[in-house]
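So the structure is just underneath, and the comments pick up after that.
The values are calculated or read from the model by the stated rules, or taken from the named source; none is laboratory data. Note that this is a predicted model, so its numbers are computed, not measured. Positions of Cβ are backbone-derived with ideal geometry, glycine not excepted, and every protein chain shown enters the neighbour counts. Each accessible area value is taken on the protein alone, full model and side chains, heavy atoms only, with ligands, DNA and RNA left out. Shrake-Rupley method; radii C 1.70, N 1.55, O 1.52, S 1.80 Å.
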Amino acid sequence: MNDVRKIHIIGSVASGKTTLARKLSQGLHIPYYELDNVVWERHQAGDIRRTEEERAEYLKQVVKKEGWIMEGVHNEWWVEESFRHADVIIFLDTKYSIRTYRIIKRFILQKLRLEKSNYNPTFRIFFKMFKWNKYFEENGKPHFFQAFEEVQDKVLKVSTVKELEQKLHSLRSTSQVEDK
């Protein structure tokens, strides 16, 4: 991944996107951005949803940078630019049951203030996460593969970080053989 400078990570709620983005950001020394923070302006008094124009401009500024890691569940039309500019798109297809467990674990840790969140972890949001998780499984995932056919050659679909590491190792080995 030495020559990869623009990485888009997509997956459902609790698939491991942010954790992977942080890990890659530290290892590759590339900043990461959460798409939720492109949608929402974060304020102590409460979050404010950006307008479509503000959101597009914010994303455009990030995509123009020399290197970035973008992560989020979003795969609507407005994210297309980051898919097109990405060197690689990592699709985290974590098992549904694992994501469900992580939603519960995350909520408990956030309520106990042992884990930080960008939002107020209310029961309303907790229950919405189950709904979003199911929606992504049934609609978001198929939509991504249908709506963004032109970028599928950049997609690494993996279920675990270990599987990602194996695929990346395999790609490095293949490229080294081709360079000789």
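Things to note:
- Relative contact order [Cα under 8 Å, 6+ residues apart], the chain, whole percent: 30
- Sorting the Cα pairs of the stretch 67-124 by distance into bins of 10 Å, from 0 upward, gives 18, 34, 34, 14 percent per bin.
- By accessible area with a 1.4 Å probe, ligands and nucleic acids excluded, highest first: order of R99, R124: R124, R99
- Within the chain, helix-based [θ] at 222 nm, where runs of 4 or more DSSP H residues each add -39,500 (n - 2.57), nearest 500: -15000 deg cm²/dmol
- Of the solvent-accessible surface of the stretch 6-163, computed with a 1.4 Å probe over protein heavy atoms with every protein chain present, carbon and sulfur atoms account for 53 percent.
- 3J(HN,Hα) from dihedral phi, the stretch 133-146, Karplus parametrisation 6.51/-1.76/1.60, rounded to Hz, x for glycine, proline: 4, 5, 4, 4, 4, 8, 10, x, 5, x, 4, 4, 6, 8
- Placing R0 at 22 angstrom, the Cβ-Cβ distance between A56 and E149 gives a FRET efficiency of 0.50 after rounding to 0.05.
- When Rg and Dmax of the Cα atoms in Å is computed from the coordinates, the matching label among (i) 30.4, 114; (ii) 16.7, 55; (iii) 16.7, 58 is (iii).
- For the stretch 6-163: accessible area per residue (Å², 1.4 Å): 58
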